[in-house]
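Chemist: The structure is given below, and queries will be raised subsequently.
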Amino acid sequence: MASANESDVLIIGGGICGVATAFHLAQHGERVTLLERGEIAGEASGVNAGGLGGLGWGHNPDLQSYLTAGSFEIFKTLQLDMGYDIEFHAPGGLQAVHTAQQWDYVRDRVLEFKSDGYSAELLTTREARAIEPEASESLAGFMFMANRGRANPTKATVAFGDAAAALGADVKTGHDVQALTQQQDGSWQAQTSRGEFRANTLVLAVGAWSSPVGGLLGLRIPIAPVKGQMWATGPVPPCIFHVIGSAESAFHWSSGQGSTPTRRGMESDPQPQTDDLPPELTHHGDTRVTRHLYGGQTRNGEIIFGGDRRLAGYDYTPDAQGIEVNRGHAAEVIPLVGRLPISRTWAGLMPFSMDGKPIIGKAPHLENLFVLTGLASSGFGRGPMAGKLLADYIHTGLPAPVLAEADPARCITLIESRD
Ligand SMILES: Cc1cc2nc3c(=O)[nH]c(=O)nc-3n(C[C@H](O)[C@H](O)[C@H](O)COP(=O)(O)OP(=O)(O)OC[C@H]3O[C@@H](n4cnc5c(N)ncnc54)[C@H](O)[C@@H]3O)c2cc1C
């Protein structure tokens with residue numbers, strides 16, 4: 001009986017990070033068990049906006065390029081070569097520029113991106129309206145990113161789980177991991193609500209729950225749960241064709257309040273915060289510091305937008321005032337959406353690290369333990385390659401050089417004994 005619950009690698013968490021790791025480990029021929037307490041894609045990985053891709057590989061790819069451009073290729077493979085319909089579509093992204101100051105800032109970034117070999121263009125509003133007819137005439141312009149796209153987050157995450165299972169991985173839902181213990185030989189044992197599981201290697205891919213799950217091991221994994229919330233209109237005929245965003249938040253964060261501007265990724269290349277807040281939040285306490293925006297139209301015709309990022313513990317309740325601010329912001333970019341009623345709202349929890357960098361690799365202090373978390377507000381679009389890099393590391397024993405900046409040893413510590 002016990003041997004049925006034994007594997008080479010035990011993964012905790014059935015979000016995009018866990019299932020992508022399981023899929024790539026199974027491709028390497030590893031015997032994998034994945035334990036998820038709810039459903040696959042039941043948390044952030046199933047409720048996000050589905051935005052993916054970035055600026056391409058560039059001349060000298062760093063971790064951010066690997067995660068965004070590499071994941072973009074993996075999503076494509078899943079849809080185009082493996083036959084999973086994940087609603088992958090890559091029409092490119094448009095980032096609205098609202099003011100003359102933002103225009104100067106975005107122009108400098110585009111020049112920098114291009115000299116580094118990344119793909120971004122500055123468009124006048126007229127040029128943007130030729131490819132996105134509902135875009136506002138009143139804006140200063142747009143940045144166009146050809147390598148942006150979207151996929152259905154639930155379908156894509158479930159597809160990775162199914163692809164892993166098709167290669168022999170044992171993907172178990174409804175298994176809440178309640179205790180983790182290391183045996184004398186270095187192997188691991190997980191106790192769930194429904195049984196006991198053993199493996200040589202343990203992977204934590206528990207997103208916003210990294211801190212409590214780390215606590216089961218006596219480890220402090222410094223991840224803050226950050227609430228992200230969204231709203232949708234009812235289905236309408238196709239009218240928004242790109243992944244839509246705004247430069248307002250990046251411009252604000254570039255002013256030194258939490259991070260530096262986007263250099264190579266979908267969103268940003270944050271600098272460490274000096275206080276106890278993760279970088280790139282829209283709120284400090286109850287005070288709004290900036291407006292952030294992402295969204296577009298999904299295949300079922302709904303127009304979806306979101307943007308707020310605030311600390312609220314493990315509270316998922318959408319905040320109506322924040323939704324209204326976000327809707328106003330979206331209507332400044334696509335006036336049509338201001339005339340459509342909101343049909344539903346929802347929220348989820350994103351795993352933010354304190355220095356804004358992902359945490360991917362071998363954990364310090366305990367043997368045979370790996371961690372994949374901290375993908376923050378762009379973990380859907382970066383998770384597939386993060387899972388591949390981690391799977392390759394576990395299988396070969398060697399980390400890819402680009403993982404150096406994501407090394408868990410920089411931030412994971414032992415929880416001090418209270419005795
Ligand atoms: C509203 C919103 C919009 C977003 N939009 C985008 C976007 O457009 N593009 C993008 O790239 N990213 C986006 N994100 C961010 C993205 O969703 C996350 O970064 C990503 O899903 C994190 O994946 P994960 O696997 O680390 O975590 P999760 O998806 O949260 O998965 C972790 C899993 O671990 C499980 N778990 C926790 N504890 C236990 C336990 N004890 N036992 C068993 N299982 C456990 C949980 O149930 C959960 O399913 C958005 C997020 C939100 C909330």
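Chemist: Condition test on GLN178, is it closer than 16 Å to GLY38 by Cα, of a type outside the set (Lys, Arg) and in contact with a strand residue (DSSP E or B) (Cβ under 6 Å, 6 or more places away or on another chain)?
Modeler: Considered against the rule, which asks whether it is closer than 16 Å to GLY38 by Cα, of a type outside the set (Lys, Arg) and in contact with a strand residue (DSSP E or B) (Cβ under 6 Å, 6 or more places away or on another chain), GLN178 comes out as yes.
Chemist: What single numbered condition from (1) part of a loop (DSSP other than H, G, I, E, B); (2) modelled with pLDDT of 95 or more; (3) within 14 Å of the ligand (Cβ to nearest atom) fails to hold for PRO212?
Modeler: So the condition that PRO212 fails would be (1).
Chemist: From the list ASP170, ASP116, exactly one residue is in the same structural domain as VAL371 (by TED's automatic domain parsing), on the phi < 0 side of the Ramachandran plot and not β-branched (Val, Ile, Thr). Which is it?
Modeler: ASP170
Chemist: Condition first: within 16 Å of the ligand (Cβ to nearest atom), in a helix (DSSP H, G or I) and of a type outside the set (Phe, Trp, Tyr). Can you find one or more residues in the stretch 94-110 that meet it?
Modeler: No, the stretch 94-110 has no match at all.
Results for (1) in contact with a Lys or Arg (Cβ under 8 Å, 6 or more places away or on another chain); (2) without any contact (Cβ under 8 Å) to a residue 40 or more places away in the chain, shown as yes or no for each residue.
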| site | (1), (2) |
| --- | --- |
| GLY141 | no, no |
| THR154 | no, no |
| ALA166 | no, yes |
| GLY174 | yes, no |
| GLN178 | no, yes |
| GLN189 | yes, yes |
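Chemist: Please enumerate the residues belonging to the stretch 31-85 that are open to solvent by less than 40 Å² (accessible area, probe 1.4 Å), away from the ligand (no atom under 16 Å from the Cβ) and either over 20 Å from the mean Cα position of the chain (by Cα) or within 24 Å of THR201 (Cα to Cα) (or both).
Modeler: Scanning the stretch 31-85 gives a single hit, GLY58.
Chemist: Answer yes or no: is there a residue in the stretch 310-319 that is outside any loop (DSSP other than H, G, I, E, B) and surrounded by 23 or more Cβ atoms within 10 Å (Cβ to Cβ).
Modeler: No - not one qualifying residue is present in the stretch 310-319.
Chemist: A follow-up question, please. Tell me, which strands (runs of 3 or more DSSP E) wholly within the stretch 1-68 include 2 or more residues that are within 30 Å of LYS114 (Cβ to Cβ), touching a Gly at 6+ places or on another chain (Cβ under 8 Å) and touching a residue at least 12 places away in the same chain (Cβ under 8 Å)?
Modeler: Of the strands (runs of 3 or more DSSP E) lying wholly inside the stretch 1-68, those with at least 2 residues that are within 30 Å of LYS114 (Cβ to Cβ), touching a Gly at 6+ places or on another chain (Cβ under 8 Å) and touching a residue at least 12 places away in the same chain (Cβ under 8 Å) span 51-53.
The values are calculated or read from the model by the stated rules, or taken from the named source; none is laboratory data. The structure displayed is predicted, hence computed values, not measured ones. Reconstructed Cβ throughout: ideal geometry from the backbone, glycine too, with neighbour counts over all protein chains shown. We work out accessible area using only protein heavy atoms, side chains counted, and drop any ligands, DNA or RNA first. Shrake-Rupley method; radii C 1.70, N 1.55, O 1.52, S 1.80 Å.
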